[in-house]
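Worksheet for the structure shown next.
The values are calculated or read from the model by the stated rules, or taken from the named source; none is laboratory data. Quantities reported herein were computed from a predicted structural model and do not represent experimental measurements. Positions of Cβ are generated from backbone atoms using ideal geometry, with glycine treated the same way; all protein chains shown enter the neighbour counts.
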Amino acid sequence: MSQTPSVPIPASQPPKRVAVVTGASRGIGRAIAVRLAADGRHVVLISRTEGPLNEVKAQIEAAGGTASIVAVDISDPKPFAAAIESVAATQGRLDILVNNAGITKDNLALRMSDEDWDVVVSTNLTSAFVAIRAAARAMMKNRFGRIINISSTSGIVGNAGQANYAAAKSGLIGLTKSIARELGGKGITANIIAPGFIQTDMTNHLPQEVKDHVLGLMAIKRLGTGEDIAEAVAYVSGDAAGFLTGQTICIDGGMTMC
């Protein structure tokens, strides 16, 4: 009697991890989002305006990835927290949080207004705390989480005319170390990526003499790219980095050797 040949049962695919990237409409955030999508993450793109996010979403989907968008002002804590919580509810999970969004309002400290101090600290530091607090419960439920906060070498060595920005970016480092200690036992890591001078819309407007001065401080004689930062984020957010937490990784061409 002939036997019916056995048909192998395909192994079930693990659920796709969900990554949230703030400030994803351009520059470093866009590069991070595209890179994480290329690694098979579903990327939730967050920024204030929907139009540019749709462009990034289209780029990701054209390359075979998946993405969704959330337009929200991250400096407004209640709607921002609600947006993060809705990601976990809608997607069924939230595994990776990249707090990248940031602004500058540069001026010498003696000329800096209270408003310029407050808006930079709110956008660059407080928003990260709000997002972490909103995302942590979903991460704890799955006993997996990768929190990556994008700081700056200005937060490590300071920068004249950027007291507000440097204070906020330095504050991110203390926040990250505290979160790493609080959540490490739950399978959640928290790390800092600190870019140096990266070629973005912001640095494109710098005078050439400033760029030349910066290049003179660097061991690698070029400005960084968004992709340089994205590669570091891809590693830190992956399974291979499960024993890495509470660390500050400077991607700055050897400018600070931090």
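Working carefully through the options 40, 51, find the one that is at positive phi, at pLDDT 95 or above and out of contact with any Phe, Trp or Tyr (no Cβ under 9 Å at 6 or more places or on another chain).
Values: 51 fails: at positive phi.
Just one listed residue meets the conditions, 40.
Every condition in (1) within 19 Å of the chain's Cα centre (by Cα); (2) part of a helix (DSSP H, G or I) holds for residue 182 except the one numbered (1). Scanning region 173-194 for residues that are surrounded by fewer than 24 Cβ atoms within 10 Å (Cβ to Cβ) and under 30 Å from residue 111 (Cβ atoms) yields 173, 174, 175.
Of all residues in region 68-100, those being under 19 Å from residue 48 (Cα atoms) and either of a type in the set (A, V, I, L, M, F, W, C) or part of a loop (DSSP other than H, G, I, E, B) (or both) number 17.
Do we have any residue at all in region 222-244 that's modelled with pLDDT under 95 and either among the hydrophobic types (A, V, I, L, M, F, W, C) or assigned to a loop (DSSP other than H, G, I, E, B) (or both)? Can you show your working first?
Kept after step one, since they are modelled with pLDDT under 95, are these residues of region 222-244: 222-223.
Now restrict to residues that are either among the hydrophobic types (A, V, I, L, M, F, W, C) or assigned to a loop (DSSP other than H, G, I, E, B) (or both): 222-223.
Yes, some residue in region 222-244 is modelled with pLDDT under 95 and either among the hydrophobic types (A, V, I, L, M, F, W, C) or assigned to a loop (DSSP other than H, G, I, E, B) (or both).
If we keep just the residues of region 88-125 that are under 18 Å from residue 237 (Cα atoms) and of a type outside the set (S, T, N, Q), which is surrounded by the fewest Cβ atoms within 10 Å (Cβ to Cβ)? Among those residues, the one meeting the criterion is 93.
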